[in-house]
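Step one of this worksheet: look at the structure below.
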Amino acid sequence: MILEAKHINKFFQEPETHQVLKDVSISISEGELVSVYGESGSGKSTLLYVLSTLDTDFQGDLKIQNQEIKQLPSAGLTSFRNKHIGFVYQFHYLLPEFNVLQNVMLPAMKLAQKSKEEIKKDAISLLGEVGMGAYTKRPSYQLSGGQQQRVAIARALINNPSLIIADEPTGNLDQKNSDLIFDLLKEITASKNKSVVIATHNSKIYSNSHRAIEMIDGFIRL
Amino acid sequence: MSKHVFNKTNLFIALQYLSARKKQSFLATIGVLIGVTTFIVMINFMTGVNDFLDDAVFNGSPDIIVSAQAKENATKKSFSIAINTIENTGKIDSVLRKNQNVQSFAHQVISPAILISDTRQFPGSINGVFAAQESKMVDLERRLVQGEGFQSLSKENNILLGISLANRLQVSTGDHINMILPNGKNIQLKVSGIFSFGITTIDNVRTYVSANVLQNLLGENDIVTNVHIKLKNRDDVSLKTDVITVIDGVSTEDWKDSNKTIVIGNKVRDILTWSVSFALLLVAGFGIYNILNITVIHKRKDIAVLKTIGYSSNDIIFIFLIQSIIIGIIGAILGGVLGYAISYLISTTPLDTSDFIIVDTYPINFKFSYYILGFWFGVLTTIFSGYFPSKKASKVDPVTIIRGI
């Protein structure tokens, strides 16, 4: 089991106390691609932030790779995330000051378990796998949305994490690019045996996942 | 797990940010540069003037002067202007020898006189000195413009003149002048040296002859009118009162009494230097604070991304703080270089002789410690002004940023 969440409850205090997640339990096994879908405000993004350890202000138990997340201190949490979780966002968020290769290398340079040369080799090979091998030296802001998202996927994979969290990864792309990105995500995670959690509105994505979870008003629809 | 924040990766990210905002980084550096340059130039110049005055005044005059009080009954002298002499010099000497703070002291015979050259005549106050003692008090060799110093007084009837007085008398070394004392006696003296302290008030009136010359002319062999004292620690003038309580019939004066305007002038220059430099660096600091603050606001998303891909709050603080420190270090080094260049230019600029000071060029103090001080002054300003924006950056919560889109 890669991820195990039990009885997750989450409240927003502002503007008034409001329960966003209601007794949510979910477990994800190795190599599984799981989509979470639901209307805006259903709590799917919030669930994603909790599962990705970005938001630790919740009640309940969360274990990733058998590590109890709540027991990690803040600094430990950051490096845990660095090592075990890769992120892909709707707005890809490449850093404009850095070129494509540097963007992919940054998480691994932080992890610092390999030499810069090895990291560079890994990054180039990953960029090749996502079809961006020809763009390594480009400033990231010169790429199209679909291209940036490919680079973001390469960045998410650079530290060889066991879990990939993707928040509306195709939400900002046209249908053609959207299909391409989802296929790429599916392919590459299957070949590397990664577990993937995707929050999405896109019916094509959740109907093509291994498992689709619908969120309604903070509950998981059973 | 958690490595030290000072590492190549964080430095690389910081440098990348700096070079992505070349114009702003450049302007911020210029801000620090101007602050440090001004500090260096001002402190070099102001302390240059202070040191020059201190050196000229305190080297040219003693720290404490002991002189005889006017006697009520001076009728035993045959001339109308009484010379007040110190009776018990032996006792004074023994007090001074015992005092730890006394560096050296010298006896003097001081008398008014009229100096007459071939063309001019001026009244003056003549210092009769004992060459061996006086050379420990005043470093006249360094001040000589022409001729010889105190050692020339031990030979014939020689006189040493301040440069302004020599100019007014229209004499140079080797010329002869006449000296007439109030008792009518006169003597011909040879000018053996001309000196300049650089201060008009000294160079206009100061003359040295051998004490024996004056003693002979006054007809009293062992008289002494003043004792001049040089202190090890000039700020401790307690000796001034010690002497009065032990010895009767003398009065004392210290350097603060005689040089009030210079002491105040030094203080004013110090205050000016520090306040102007501080104000400028404050402005530079605000500039850096602003630039970093705006960057942090613009870069909230990027900071959030850095946090999600594994960079901790301390990494973020370092990444932003090091940017301002780099600006500070570069600005401070360039400011030091420019400050030196400007100070050097000033030091070679000819200065019109004023009434008060006589120098060829502006006095500048190139002391190295001021450059170190200026460097730290600049760097600390940037650390201080960079800290708060960096702290703010580290507090960016990745969830709210990503959710906020």
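All told, residue B:292 falls short of being out of contact with any Pro (no Cβ under 7 Å at 6 or more places or on another chain) and at pLDDT below 85. When we screen B:363, B:350 for residues that are over 18 Å from the mean Cα position of the chain (by Cα), more than 14 Å from chain A (Cβ to nearest Cβ) and not charged (D, E, K, R), the only hit is B:350. Looking across region A:79-116 at every residue that is more than 18 Å from residue B:300 (Cα to Cα), buried (at least 21 other Cβ atoms within 10 Å of the Cβ) and in contact (Cβ under 8 Å) with a residue 60 or more places away in the chain, the one that is nearest to the other protein chains (Cβ to nearest Cβ) is identified as A:82. The residues listed here are B:309, B:316; of these, the one that is free of Cβ contacts under 8 Å to residues at least 12 places away in the same chain, of a type in the set (Val, Ile, Thr) and in contact with a Leu (Cβ under 9 Å, 6 or more places away or on another chain) is B:309. State whether one or more residues within region B:67-79 are at pLDDT 85 or above and buried (at least 16 other Cβ atoms within 10 Å of the Cβ). Yes, the conditions are met somewhere in region B:67-79.
Applying the set (1) at pLDDT 90 or above; (2) closer than 30 Å to residue B:7 by Cβ; (3) among the aliphatic types (A, V, I, L, M); (4) surrounded by fewer than 19 Cβ atoms within 10 Å (Cβ to Cβ) to residue A:134 leaves exactly one unmet item: (2).
Scanning region B:150-171 for residues that are over 23 Å from residue B:135 (Cβ atoms) and in contact (Cβ under 8 Å) with a residue 24 or more places away in the chain yields B:168, B:169, B:170, B:171. Checking each residue in region B:205-245 for being polar (S, T, N, Q), without any contact (Cβ under 8 Å) to a residue 12 or more places away in the chain and more than 17 Å from residue B:67 (Cα to Cα) picks out B:216, B:221. Checked against the criterion of being among the basic types (Lys, Arg), in contact (Cβ under 8 Å) with a residue 60 or more places away in the chain, away from every other protein chain (no Cβ under 14 Å) and surrounded by fewer than 24 Cβ atoms within 10 Å (Cβ to Cβ), the candidates A:204, A:186, A:176, A:192 yield just one match: A:186.
Given the residues B:18, B:11, B:33, which is the only one that is surrounded by 20 or more Cβ atoms within 10 Å (Cβ to Cβ), within 14 Å of chain A (Cβ to nearest Cβ) and touching a helix residue (DSSP H, G or I) at 6+ places or on another chain (Cβ under 9 Å)?
B:18
Checking B:250, B:246, B:268, B:227 one by one, the residue that is more than 14 Å from chain A (Cβ to nearest Cβ) and within 24 Å of residue B:52 (Cβ to Cβ) is B:268 and no other.
With the condition kept exactly as written, say whether any residue in region B:282-294 is farther than 30 Å from residue B:35 by Cα and either surrounded by fewer than 19 Cβ atoms within 10 Å (Cβ to Cβ) or more than 14 Å from chain A (Cβ to nearest Cβ) (or both).
Taking region B:282-294 first, the residues farther than 30 Å from residue B:35 by Cα are none.
Scanning region B:282-294, I find no residue that is farther than 30 Å from residue B:35 by Cα and either surrounded by fewer than 19 Cβ atoms within 10 Å (Cβ to Cβ) or more than 14 Å from chain A (Cβ to nearest Cβ) (or both), so the answer is no.
Summed over region B:144-171, the residues that are touching a helix residue (DSSP H, G or I) at 6+ places or on another chain (Cβ under 8 Å), surrounded by fewer than 19 Cβ atoms within 10 Å (Cβ to Cβ) and within 8 Å of residue B:193 (Cα to Cα) give a count of 1. The residues on offer are A:20, A:50, A:24, A:88, and the sole one that is under 13 Å from the mean Cα position of the chain (by Cα), among the aliphatic types (A, V, I, L, M) and farther than 30 Å from residue B:20 by Cβ is A:50.
Residue check: residue B:275 meets all listed conditions (1) modelled with pLDDT of 85 or more; (2) over 27 Å from the mean Cα position of the chain (by Cα) but one, namely (2). Would you mind stating whether residue A:48 is touching a residue at least 40 places away in the same chain (Cβ under 8 Å), closer than 14 Å to residue A:198 by Cα and touching a His at 6+ places or on another chain (Cβ under 7 Å)? Answer is no for this residue. Taken over region B:301-316, the criterion of being out of contact with any Pro (no Cβ under 9 Å at 6 or more places or on another chain), small (Gly, Ala, Ser) and more than 7 Å from chain A (Cβ to nearest Cβ) is satisfied by B:313 alone.
Selection over region A:146-173 of residues that are away from every other protein chain (no Cβ under 14 Å), under 27 Å from residue A:115 (Cα atoms) and among the small types (Gly, Ala, Ser) gives a count of 1. For residues that are buried (at least 16 other Cβ atoms within 10 Å of the Cβ) and either in a helix (DSSP H, G or I) or of a type in the set (Lys, Arg) (or both), scanning just region A:65-78, find the one that is farthest from the other protein chains (Cβ to nearest Cβ). Taking the candidates together, the pick is A:69.
Comparison of B:200, B:207 shows that the only residue that is among the polar types (S, T, N, Q), in the same structural domain as residue B:122 (by TED's automatic domain parsing) and crowded, with 19+ Cβ neighbours inside 10 Å is B:207. Residues that are surrounded by 15 or more Cβ atoms within 10 Å (Cβ to Cβ) and either more than 13 Å from every other protein chain (Cβ to nearest Cβ) or assigned to a strand (DSSP E or B) (or both) within region A:32-48 comprise A:32, A:33, A:34, A:35, A:36, A:37, A:38, A:42, listed in sequence order.
For region A:49-64, filtered to residues that are in a helix (DSSP H, G or I) and more than 8 Å from every other protein chain (Cβ to nearest Cβ), the residue that is nearest to residue A:155 (Cα to Cα) is A:51.
The values are calculated or read from the model by the stated rules, or taken from the named source; none is laboratory data. This one's a predicted model, so the numbers in the text were calculated from it and none came from an experiment. Here Cβ is always computed from backbone atoms with ideal geometry, including for glycine, and neighbour counts include all displayed protein chains.
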